[in-house]
1. Working only within the stretch 1-28, note down all residues that are loosely packed, with under 11 Cβ neighbours inside 10 Å, under 21 Å from Leu64 (Cβ atoms) and under 11 Å from the mean Cα position of the chain (by Cα).
2. Going through Arg25, Arg73 one at a time, which residue ends up being assigned to a helix (DSSP H, G or I) and of a type in the set (D, E, K, R)?
3. So how many residues does the stretch 34-57 have that are farther than 18 Å from Val6 by Cα and surrounded by 16 or more Cβ atoms within 10 Å (Cβ to Cβ)?
Amino acid sequence: MPEIIVDLFWLLAFIFIVLFVAYHRINLMVSSLIITTSTYLYTSFGDGNFIWNMTLWLIAGALLTINIVPIRRSRISKPLLDIYRKMVPKMSSTEREALEAGNVGGTANYFQVCQIGMF
């Protein structure tokens, strides 16, 4: 019974760490180091088997790899952006004309006058 409690503790610790890092919007490098450190602590003090430990280290290695900007851009960002561009419908000529014809001249002047205090 105590072994299940220890395993549950480590599982909850990993979930808490991932949610904490995501909630506080900690940057990628720091969050990768935090998760890698927690993986090290688990493999040092936990009682996971070899396959589970290797899985955790592969995940940590993947997190550290995506910190390298050229690899992340070419292997992750570009393919996802290409998929997104295929999903989004093309802009119609009417929409393009409306965007090109519109300006913020009158509205911008109104807000500048309001900031000066004339109204």
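1. Ala22, Arg25, Asn27
2. Of the residues listed, the single one that is assigned to a helix (DSSP H, G or I) and of a type in the set (D, E, K, R) is Arg73.
3. 3
Rule-based calculations on the coordinates, nothing more; no lab input. Predicted model only: the values in this text are computed from it and were never measured. Positions of Cβ are generated from backbone atoms using ideal geometry, with glycine treated the same way; all protein chains shown enter the neighbour counts.
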